[in-house]
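A.B. asks: Quick one: the structure is below, and I'll ask about it shortly.
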Amino acid sequence: MNKLQFLKNAFTEGCIFYTFSVTAVYLLGYSVNSAWIPTAAMVLGLLLFSFLLGLANRFLFSDLLVFPLRLILHYIGTYIGFWLFFGLMGGYEGSVLTVWLVYTFAYALVMTIVLVYRWLTADLRNQKQDYTNKFENDDYKPKFGG
């Protein structure tokens, strides 16, 4: 995959995250307190964090490094982005430990779901790849003529 396609996919994924996160923030704000409206800094933070998350996810599911190292780098990168965009831009004045614990719990929950899904669908991807390698290569020679 070339770099332009990589960035296009990351941008598209970021847009999807942004749409869902802004919708969730407004629905949560409306259900908790109907007079509450997210600030411009919060919406901008969601936009920047969504694009960072899109880039990080493209990196996580690429084949650049071994998977455990990609997962660790993904966690560190998204946590730094989360803290920059929501902690500093959002004006959070509470405990850093609280933010870290909440983010780590949410990250572990989401990653568990994603990794279980990928593990369950890995056999399907491998079967498709084996079929492609076996029957659609140019060097395949039929055994019974043809």
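A.B. asks: Only one residue in ILE76, ILE72, ILE80 is at pLDDT below 90, within 18 Å of TYR103 (Cβ to Cβ), of a type outside the set (S, T, N, Q) and in a helix (DSSP H, G or I), so which one is that?
C.D. replies: ILE80
A.B. asks: Return the total of residues in segment 1-40 being exposed (fewer than 14 other Cβ atoms within 10 Å of the Cβ), under 21 Å from TRP83 (Cα atoms) and modelled with pLDDT under 80.
C.D. replies: Matching residues across segment 1-40 total 1.
A.B. asks: Before we move on, is PHE67 surrounded by 11 or more Cβ atoms within 10 Å (Cβ to Cβ), within 28 Å of LEU97 (Cβ to Cβ) and aromatic (Phe, Trp, Tyr)?
C.D. replies: The answer is no for PHE67.
A.B. asks: What are the pairs, 6+ residues apart or on separate chains, where a residue within segment 59-88 that is free of Cβ contacts under 8 Å to residues at least 60 places away in the same chain has its Cβ under 9 Å from a residue that is surrounded by 11 or more Cβ atoms within 10 Å (Cβ to Cβ) and of a type in the set (S, T, N, Q)?
C.D. replies: What qualifies is ARG70/SER62; HIS74/ASN57; TYR75/THR104; THR78/ASN57; TYR79/THR104.
A.B. asks: Let me ask something additional. Kindly evaluate ALA56 against the criterion of being part of a helix (DSSP H, G or I), at pLDDT 90 or above, out of contact with any Pro (no Cβ under 6 Å at 6 or more places or on another chain) and not assigned by TED's automatic domain parsing to the domain that holds LEU4.
C.D. replies: no
The values are calculated or read from the model by the stated rules, or taken from the named source; none is laboratory data. Just so you know, these numbers come straight off a predicted model, no measurement behind them. Note that each Cβ is placed from the backbone with ideal geometry, even for glycine, and that neighbours are counted across all protein chains shown.
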